[in-house]
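Below you'll find the structure, written out as structure tokens, and then a few comments.
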Amino acid sequence: MKRMLVLGAGTAGTTVVNKLRPRLDKREWDITIVDQDAVHHYQPGYLFVPFGTYSPEEIVRPRERFIPPGVELVEGEIDVVKPDERVVQLTNGTVLDYDQLVIATGVTPRPDQTPGMVDEEWRRSIFDFYTLDGAVALRDALATWNGGRLVVHITELPIKCPVAPLEFAFLADAFLRERGIRDRVELVFVTPLDGAFTKPIASARLGGMLDERGIVLETDFMIERVDPSAKTLVSYDEREIPFDLLVTVPVNMGAEFVARSGLGDELNCVPVDKHTLLSTRYDNIFAVGDAADLPISKAGSTAHFSIELFAENFVHHVKGEPMTAAFDGHANCFVEAGDGKALLLDFNYDTQPLPGKYPLPVVGPFSLLEATTANHWGKHAFKWAYWNVLLPGRRLPLPALMTTAGKTREEVSQ
Amino acid sequence: MTLATMNGQDVHVDDEGFLTEYDEWDHELAKTLAANIGIELTDAHMNVLEFLRADYKEQGETATLRRVTTMGGTPTKELFRLFPKKPAKKMAYIAGLPKPVGCV
């Protein structure tokens, strides 16, 4: 028997085993998936917890519910991968051998990497919302907050769902208006980028939305440290930004075992071929989802589209045949704008987000780069689709590769 | 893609003035590019530029600040001293490499 070993039972790992189990002969291939805990989080839901839109219970499910028959789920913490011996060692002493390894352990916010962040103000006036604990703590803080300077901050790119901090700012603006205290709040968005977003057209559009909402944009801010006693962010070039309430997105890093195993880059992500997800160093190791070093958004949609092609390629690869499907970096994301509206972005390695309709040209029903109610409902319907369609590896009615049909470049100059 | 003349030679640049041909770069050109943005090159600058050039050749992408710090060994604070305000962009410009993409 051969074994496909998948590390991490999050969005990417779970989708991989669901896609591959039906494609690999059960008499020939065992599939084992490892995770350090038993609970699957719907991570896109974190954004809505601080505003009370989603309860924590709505966005967690037991992992085992999404693991198909014929796949063994092992709970344990990964200690090290030994590529030359083709084994993975867990911290409890278990040793798992493999013929093909798929690393899907994602990235994790690491507030400990910024001096001063996790000191005495952590979870008092400094919060994150990329963890369930953080989102719940922030919900409680926001419910009783009386106003002041609310600073939304990105430490460093790349991060998971790079539009989520902007969405947080838009939703916070709407939330504070509803609470009737928006006029007592100075809302500031701090980014290491030179605009609201990287890609020019989306950046201009989203930057305009910050303006309309009276949200101050601070660009090119590379944080060196937090001064918790003075309640300021301090940059490498000695700019200071004071806050009363800080909502920060810490640097995102891959798992420590990736570094310990000598498989990671400077952020513990695994260098892979950007079209096939195969490790640049080992021809029996792949990295999927956020754990890979792909030059595109770390997002569930990227994982979803890339795994469609990965699954197709993988069955050829294990037979010694060439991999012919090539991932194009396709990603899309709904961007909540507040007040029941959302935008949609659709892009890949080569084409930036453009205005238009999606997935069908002209018809939509979703509008690209434009705030509509349909997009907002699309975003919320996605929670259902995540649990029921995406994780079980069923096909979403969306093509894996990006298309420019239905998109326009005319508005580029606006 | 347009042609610009620097130090008496034609070089290919994009619309922001970043060199688009890896092999058109040399140390003399680096001095000129640096002078364009008000930087006088020292050995400390050159160490960073050499790392960026070598890393790009291997990786096919311009290194991020973090990569220059962790793999190239120059502290971020020092990068801000050498290439004030926008080190990632300025380093890439002087090293004749594409502007680093914020991975989004």
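We did not get these values from a lab; they are worked out from the coordinates using the rules stated. Here the structure is a predicted model, which means the values were calculated and not measured. For neighbour counting, all protein chains shown are included, and Cβ atoms are generated from backbone atoms with ideal geometry for every residue, glycine included.
Within chain A, DSSP assigns beta bridges of which about 50% are antiparallel (rounded to the nearest 5). Taking Cα atoms only, the orientation of helix B:43-59 departs from the longest principal axis of chain B by about 80 degrees. Angle check, please: helix A:300-317 long axis (alpha carbons) against the longest principal axis of chain A (alpha carbons), in degrees 0 to 90, nearest 10. Taking Cα atoms only, the helix is inclined about 10 degrees.
Please label the shape of the stretch A:230-310 as rounded, prolate or oblate, based on the square roots a ≥ b ≥ c of the eigenvalues of the alpha-carbon gyration tensor (a/c under 1.5 means rounded; beyond that, a/b larger than b/c means prolate, else oblate). Prolate, since a/c reaches 1.5 and a/b exceeds b/c. Local charge for A:I59 was computed over the other residues whose Cβ lies under 13 Å away, with Lys and Arg +1 and Asp and Glu -1, and equals 0. Rounded to the nearest 0.05, the FRET efficiency derived from the C-beta distance between A:N146 and B:T70 at R0 = 45 Å is 0.60.
Size check on the stretch A:111-252: the Cα extents along the three principal axes, sorted descending, read 40, 36, 27 Å.
Working from label points 7 Å from Cα in the Cα-to-Cβ sense, the A:E85 to B:E21 distance is 5.2 nm.
Taken about its Cα centre, the stretch B:26-94 carries a charge dipole of about 420 debye when Lys and Arg each add +1 at the Cβ and Asp and Glu each add -1 at the Cβ.
Does anyone have the angle between helix A:373-385 and the longest principal axis of chain A? Alpha-carbon axes, 0 to 90°, nearest 10? The angle comes out near 40 degrees. Residues considered: B:F51, B:F80, B:F18. Largest GNM mean-square fluctuation over chain B, using C-alpha springs under 10 Å, is found at B:F80.
In order along the stretch A:112-120, phi translates into HN-Hα couplings of 5, 7, 10, x, x, 6, 9, 8, 5 Hz, rounded to whole numbers, per the Karplus curve 6.51 cos²θ - 1.76 cosθ + 1.60 with θ = phi - 60° and x for Gly and Pro. Build a GNM of chain A with springs between Cα atoms under 10 Å apart, and of A:G106, A:G207, A:G300 the one that fluctuates most is A:G207. A Cα-only calculation for the protein assembly as shown places Rg and Dmax at 23.3, 69 Å.
Under 15 Å from the 7 Å Cα→Cβ point of A:T408, by amide nitrogen: which residues of the stretch A:344-378? Under 15 Å, as judged by backbone N against the label point of A:T408, lie A:354-358, A:361-364, A:367-371 of the stretch A:344-378. Database remark: amide H of A:V190 closer than 5 angstrom to the amide H of A:V152, A:H153, A:I154, A:E218 (H placed geometrically; neighbours at sequence offset of 5 or more, or on other chains; Pro and chain starts carry no H).
Between rounded, prolate and oblate, where does the stretch A:186-272 land on the alpha carbon gyration tensor, with a ≥ b ≥ c its root eigenvalues, rounded for a/c under 1.5, else prolate if a/b exceeds b/c? Kindly include the intermediate steps, with their values, before the conclusion.
On the way: a/c = 2.73, a/b = 1.44, b/c = 1.90.
In terms of gyration-tensor shape, oblate.
Note down the net charge around B:K99, summing +1 for each Lys or Arg and -1 for each Asp or Glu among other residues with Cβ under 9 Å from its Cβ. That works out to -1. Taking A:E72, A:E218, A:E28 as the candidate residues, the one with maximal mean-square fluctuation in a Gaussian network model of chain A, Cα springs under 10 Å, is A:E28. Please report the antiparallel percentage of the DSSP beta bridges confined to the stretch A:111-252, to the nearest 5. Counting DSSP beta bridges with both partners in the stretch A:111-252, the antiparallel share is about 30 percent. For the pair B:E78 and A:Y349, a Förster radius of 30 Å applied to the C-beta separation gives a FRET efficiency near 0.40, rounded to the nearest 0.05. Taking a ≥ b ≥ c as the square roots of the eigenvalues of the Cα gyration tensor of the stretch B:26-94, is the shape rounded (a/c under 1.5), prolate (a/b larger than b/c) or oblate? Verdict is oblate for the stretch B:26-94.
A:I33 sits among other residues whose Cβ lies under 12 Å from its own Cβ, and their net charge, with Lys and Arg +1 and Asp and Glu -1, is -2. Here the Karplus curve 6.51 cos²θ - 1.76 cosθ + 1.60, taken at θ = phi - 60°, turns the phi angles of the stretch A:156-162 into couplings of 6, 8, x, 10, 5, 6, x Hz, with x standing for Gly and Pro.
Centre-to-centre separation between the Cα atoms of the stretch B:49-104 and those of the stretch A:313-375: 30 Å.
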